[in-house]
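Notes follow once the structure below has been shown.
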Amino acid sequence: MTDWLADAQGDGAATPLTPAEREGLIPTYITNRAELNEAEQLNILEADTWAFRRKRDVLDHGLLVSLHKRMLGKVWRWAGAFSGEVNRRIGVDYWLIEAELRQLLDDVRYWAENQTFPPDEIAVRFHHRLVVIHPFPNGNGRLSRLASDLLAVQLGQERFTWGRAILVEAAETRRLYVAALRAADMHDIGPLLAFARS
C-alpha cells in the first residue's frame with residue numbers, strides 16, 4: 001500500500017484537527033492529520049493481513065461491514081456503522097444504503113456466475129458501485145479498493161495495484177484515480193479498469 005491510498009485530508013499534515021473532525025476518534029493522542037493518517041494506515045494494514053489470511057466471500061454483506069470495522073475500528077467509534085440519519089453530499093440517501101448494497105452484491109454474484117464481464121471488470125465495477133453507494137461516514141474508497149482486491153482474488157486474478165506503478169507524486173496519482181471514477185460515473189469503465197492495474 002502507498003500513502004496516497006489514505007483519503008485526501010488536505011495538504012497540511014501538521015494541520016490540527018478541529019473538534020468536529022475529532023468526533024468519534026478513539027485514540028486521544030491524535031491531534032493532527034499526520035497522526036490520524038498514520039493511525040488509520042496502521043489499522044488498515046492489520047485489516048489487509050486479516051482479510052487475505054484465509055478465503056473470504058467478499059460478496060457477503062456482513063463481511064463488508066466487518067472489513068470496514070477492522071480497517072478503522074481502532075481509530076473511529078463509528079467504524080462498521082452505516083452513515084446515519086443525515087444525508088451527505090456524496091453517496092446514496094442514508095435510507096437507501098442497505099437496499100443499494102444488497103442489490104450490488106446480488107448484481108456482482110450474477111455477473112460472476114454468468115461471466116457477464118471479465119473478472120477484472122467485475123471487480124472494478126464492484127469497486128465503482130460501492131464507492132457510489134458510499135455506505136460509511138469515511139473510508140469508503142479504501143474499503144472499496146480492498147474489497148475489490150479480495151473479489152479479484154476470489155475470481156482467480158491477482159490483487160490490483162491501484163496506481164502504484166504510476167511514477168508521479170501522490171496528488172497526481174489521486175487525481176488520476178478520481179478522474180477514472182468520474183469517467184465510470186459516465187458509464188466509461190475503461191479508465192478505472194486501466195488505473196486498477198497501473
* Answer yes or no: is there a residue in segment 47-54 that is aliphatic (A, V, I, L, M), modelled with pLDDT of 95 or more and not in a strand (DSSP E or B). => yes
* Quick one: which residue in ALA179, ALA147, ALA171 is surrounded by fewer than 17 Cβ atoms within 10 Å (Cβ to Cβ), outside any loop (DSSP other than H, G, I, E, B), among the small types (Gly, Ala, Ser) and modelled with pLDDT of 95 or more? => ALA179
* Matching residues, segment 85-139, being in a loop (DSSP other than H, G, I, E, B) and without any contact (Cβ under 8 Å) to a residue 12 or more places away in the chain -> GLU85, VAL86, ASN87, ARG89, ASP93, GLN115, THR116, PHE117, PRO118
* Asked: Quick check: anything in segment 93-116 more than 25 Å from ARG53 (Cβ to Cβ) and among the small types (Gly, Ala, Ser)?
  -> yes
* Asked: Across segment 61-75, which residue is surrounded by the most Cβ atoms within 10 Å (Cβ to Cβ) among those that are more than 15 Å from PRO135 (Cα to Cα) and more than 13 Å from the chain's Cα centre (by Cα)?
  -> VAL75
* **Residue selected from segment 150-164 under the condition over 18 Å from PRO191 (Cα atoms), part of a helix (DSSP H, G or I) and not β-branched (Val, Ile, Thr), by the criterion farthest from the chain's Cα centre (by Cα)** => GLN154
* Is there a residue in segment 20-29 that is within 17 Å of GLY139 (Cα to Cα), modelled with pLDDT of 95 or more, part of a loop (DSSP other than H, G, I, E, B) and touching a strand residue (DSSP E or B) at 6+ places or on another chain (Cβ under 8 Å)? -> yes
* Can you tell me which of ALA112, ALA123, ALA51, ALA99 is among the small types (Gly, Ala, Ser), under 30 Å from ASP188 (Cβ atoms) and loosely packed, with under 15 Cβ neighbours inside 10 Å? -> ALA99
* To do: For GLU38, state whether it is under 26 Å from GLY163 (Cα atoms), surrounded by 14 or more Cβ atoms within 10 Å (Cβ to Cβ) and not hydrophobic (A, V, I, L, M, F, W, C).
  => yes
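The values are calculated or read from the model by the stated rules, or taken from the named source; none is laboratory data. Worth saying up front: this structure is predicted, and the values here are computed from it rather than measured. Here the Cβ is made from the backbone with ideal geometry for all residues, glycine too, and neighbour counts use every protein chain on show.
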